[in-house]
Amino acid sequence: MAKRTPADLNLQQLRVFLVLGQELHFGRAADRLMLTQPYVSRTLASLERRIGGRLLDRTSRRVTLTPLGNSFHVELAKAYDELVRTMERARNSAAELRETLVVGCTTTSAGPALTSLVRDFETSRPQYRVRLHEVPLNHPYQALRTGTIDVLVLWLPDETAEFALGPVIEEQPMVLAMRKGHPLAGRETVSVEELANYGIPAMADVEGPSSVEHALWPSETPGGRPIPRVGPPCRSMSEIVDSLARSDAAKPTSGSVARAHAHRGDLAFVQMDEEPTLRLGPIWPAGRVSNAITALIEVATELANQPSRMPGERADRAGCAVRDLNPEPAD
């Protein structure tokens, strides 16, 4: 067996001695290090054997540094501080070398599912880091086309030749948002067909795959009745919500949007009848593949396959949360 040398000292031993030399009290040092006092004592004894001399004099009343311990403590403090700085510089350099993946989202798709995806991705693939980039509600796909973002996490369309679609990381029910006191607000469920009587807020230049656009911004009912646009064109969620609160217009949206705006108190949300769930997942340009995108899709697939995130359970939990947003008034 090779003989151990002073070079085999570990940072834990050195840290224990530095703190002991500052506190000159084994109990306080142990508390500061969040270690047990016996462990601190054993560590000091091991260090002294390695050094070959006593570093501390310990009596029933006081603890003092020996001359050897004092000189070692002064020199070690300087070397330890420089070592910590060296490690920090190395960490910063490693962070700079990590490849950045720009992930786009809208105010409607940012939420716990996206946070879980980013967290799991950065944890399991430390060579990458994510920078989130919010894209406009009415032009969410333009940033993909121009390369401003690498991946967009948004509601997945049924199919599209322009974009590749990743796995579903969350499903949410469709709900209808409207002002409190709206004629439809007291209903258990509502149908898209009834939107022809009230209209939806106008939105400036909505673009996207037809299936998602039709679900969130329908132009006509299943029966073929036109759905009018109400008010000036909106460009953000806050403008949409304000339009709803000041008119009889109603808007199909997701359960997460309903929960995010429940605090207003002047809006109501009703489950939509016979509407498909909204499926959240990654979208990227077809044919544009990179190692980072491939890695993100792998993590998204792992997330989608977790038993606690089965689509049926997700939709059911979201639906219950939405129904609870409109409590009965107190007696």
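Of note:
- Tallying residues that are assigned to a loop (DSSP other than H, G, I, E, B) and either more than 21 Å from Pro112 (Cβ to Cβ) or at pLDDT 90 or above (or both) within region 123-147 yields 9.
To keep it simple, each residue is scored yes or no on (1) open to solvent by 30 Å² or more (accessible area, probe 1.4 Å); (2) out of contact with any Leu (no Cβ under 9 Å at 6 or more places or on another chain).
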site: Glu194; (1), (2): yes, no
site: Ala204; (1), (2): no, yes
site: His214; (1), (2): yes, yes
site: Gly224; (1), (2): yes, yes
site: Ser236; (1), (2): yes, no
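- Failed item in (1) surrounded by fewer than 11 Cβ atoms within 10 Å (Cβ to Cβ); (2) more than 23 Å from Ala286 (Cα to Cα); (3) out of contact with any Asp or Glu (no Cβ under 9 Å at 6 or more places or on another chain), with Tyr80 passing the rest: (1)
- Per-region count, region 268-283, residues modelled with pLDDT of 90 or more, within 25 Å of the chain's Cα centre (by Cα) and among the β-branched types (Val, Ile, Thr): 1
- Qualifying residue in region 249-266 (condition: outside any helix (DSSP H, G or I), in contact with a Lys or Arg (Cβ under 6 Å, 6 or more places away or on another chain) and in contact (Cβ under 8 Å) with a residue 60 or more places away in the chain): yes
- Residue, farthest from Ile240 (Cα to Cα), within region 107-138, restricted to residues that are out of contact with any strand residue (DSSP E or B) (no Cβ under 8 Å at 6 or more places or on another chain) and β-branched (Val, Ile, Thr): Thr123
- Residue within region 85-98 that is in a strand (DSSP E or B) and touching a residue at least 24 places away in the same chain (Cβ under 8 Å) present: no
- Counted residues, region 144-165 - those being at negative phi and either of a type outside the set (A, V, I, L, M, F, W, C) or in contact with a His (Cβ under 6 Å, 6 or more places away or on another chain) (or both): 10
- If you go through region 28-64 and keep only what is open to solvent by 50 Å² or more (accessible area, probe 1.4 Å), farther than 18 Å from Leu76 by Cα and among the aliphatic types (A, V, I, L, M), you end up with just Met34.
- Filter result for Pro126 (in contact (Cβ under 8 Å) with a residue 12 or more places away in the chain and under 23 Å from Ser236 (Cα atoms)): no
- One residue alone among Ile240, Ile283 is within 30 Å of Gly147 (Cα to Cα) and not in a strand (DSSP E or B), and that residue is Ile240.
The values are calculated or read from the model by the stated rules, or taken from the named source; none is laboratory data. Bear in mind the structure is a predicted one, so any value in this text is a computation, not a measurement. All Cβ positions, glycine included, derive from the backbone under ideal geometry; neighbour counts span all protein chains shown. What goes into the accessible areas is simple: the full protein's heavy atoms, side chains included, and nothing from ligands, DNA or RNA. Shrake-Rupley method; radii C 1.70, N 1.55, O 1.52, S 1.80 Å.
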